[in-house]
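Colleague: Below: one structure in structure tokens.
We did not get these values from a lab; they are worked out from the coordinates using the rules stated. This is a predicted model, so every value here is computed, not measured. Note: ideal-geometry Cβ built from the backbone for every residue, glycine included; neighbour counts use all protein chains shown.
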Amino acid sequence: MNSNYTCAIVDDEPDAIELLKQRIGLLYPNIQVKGTFLHWQEAVGALQTHKYDILFSDISMPGKNGLDILKMLPDLDCEIIFVTAHEDYALKAFSFAASGYVLKPIDDGELQAAIARSIERVMNKSLARESQKMSTVAQEKLKIPGRNSIDYVNVADILYLESVNKCTQIIGAGFKYLSSANLGNYKYLTESKMFFQVHRSFIVNLNAVTRYSNDGAVIMTDGKEIPVARSSRQDFLSAFEKNA
């Protein structure tokens, strides 16, 4: 799971933005402040075009306040932490499912708790999306074009794919097909995290890996030993642990 996060800060006071940046940096060095905005117009524009994990927003600001900004962005997909000097907006703020409501002057404990809730929510949403993606791919059938026919197999039943003379050999539990398409045509499978390209000639189903040896090879459930490129080993181990 990704351990680095991005955030944006909206506040009409430059000193308040700078102070919050410092507190975030001290408490959570893995959170990168990717945008700071003094005016609601530029904040709305950035939030419409850029993806942030967390939004820190003041509420009482000239023109449009922090709640108005969120009303203008009903599809905003990030966690929201309000940082404000006003207590009386709390009830309205939580109607936006905010992760936190931190009063100024900022208390580090309150800020840390709000950020921790935000990160947990971000992680849970990411896991849910990944689970859905894997479930969708697992239920798909793979199209295998041959010389005189097209075969279809369940994606979840595939053990690995191997590049063979500009074609692709697809090995599964109890079947073997030769596709006239090259391995690159099946690279999309790795987007689901169920599959990983361990070598320029191999894409493996992580669920079918039974062993990884330190000399850089994996053993599949059918006994096949497949090399893992040196440049891919660390990423493979990370992907395998997440898939386990």
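Colleague: Step through the table entries LYS64/LYS104; LYS51/LYS141; LYS34/LYS187; LYS143/LYS242; LYS21/LYS51, compare each Cα-Cα distance with 24 Å, and write down the pairs that go over it.
Modeller: LYS51/LYS141; LYS34/LYS187; LYS143/LYS242
Colleague: For the stretch 5-132, what is the Kirkwood estimate of the hydrodynamic radius, computed as the reciprocal of the mean inverse distance between distinct Cα atoms, to one decimal in Å?
Modeller: Taking every pair of different Cα atoms in the stretch 5-132, averaging 1/r and inverting gives 14.6 Å.
Colleague: Please work out the Cα convex hull volume for the chain and give it in Å³ per residue.
Modeller: 158 Å³
Colleague: Quick one: Debye curve from the alpha-carbon atoms of the stretch 1-66 only, equal weights, vacuum; give me log10 I(q)/I(0) at q = 0.12, 0.17 Å⁻¹ to two decimals.
Modeller: Evaluating at q = 0.12, 0.17 Å⁻¹ gives log10 I(q)/I(0) of -0.29, -0.57.
Colleague: Report, in deg cm²/dmol and to the nearest 500, the calculated mean residue ellipticity at 222 nm for the chain, where each DSSP H run with n ≥ 4 adds -39500 (n - 2.57) and the sum is divided by the residue count.
Modeller: One gets -10000 deg cm²/dmol as the mean residue ellipticity at 222 nm.
Colleague: Can I ask one more? Under 13 Å Cα to Cα from LYS224, which aspartates and glutamates show up? Leave out anything in the same chain fewer than 8 places away.
Modeller: GLU162
Colleague: Can you give the convex hull volume per residue for the Cα atoms of the stretch 139-243, as a whole number of Å³?
Modeller: For the stretch 139-243, the hull spanned by Cα atoms encloses 94 Å³ per residue.
Colleague: Excluding TYR212 itself, calculate the net charge of residues whose Cβ lies under 13 Å from the Cβ of TYR212, where each Lys or Arg counts +1 and each Asp or Glu counts -1.
Modeller: That works out to -2.
Colleague: Sticking with this structure for a sec: List the trypsin sites (Lys or Arg not before Pro) in the stretch 1-91 that DSSP assigns to loop (not H, G, I, E or B) and whose Cβ has at most 11 other Cβ atoms within 10 Å. Which are they?
Modeller: LYS51
Colleague: Sticking with this one: What net charge do the residues around SER163 carry, taking every other residue with its C-beta under 15 Å from that of SER163, with Lys and Arg at +1 and Asp and Glu at -1?
Modeller: Computed value for this residue: +4.
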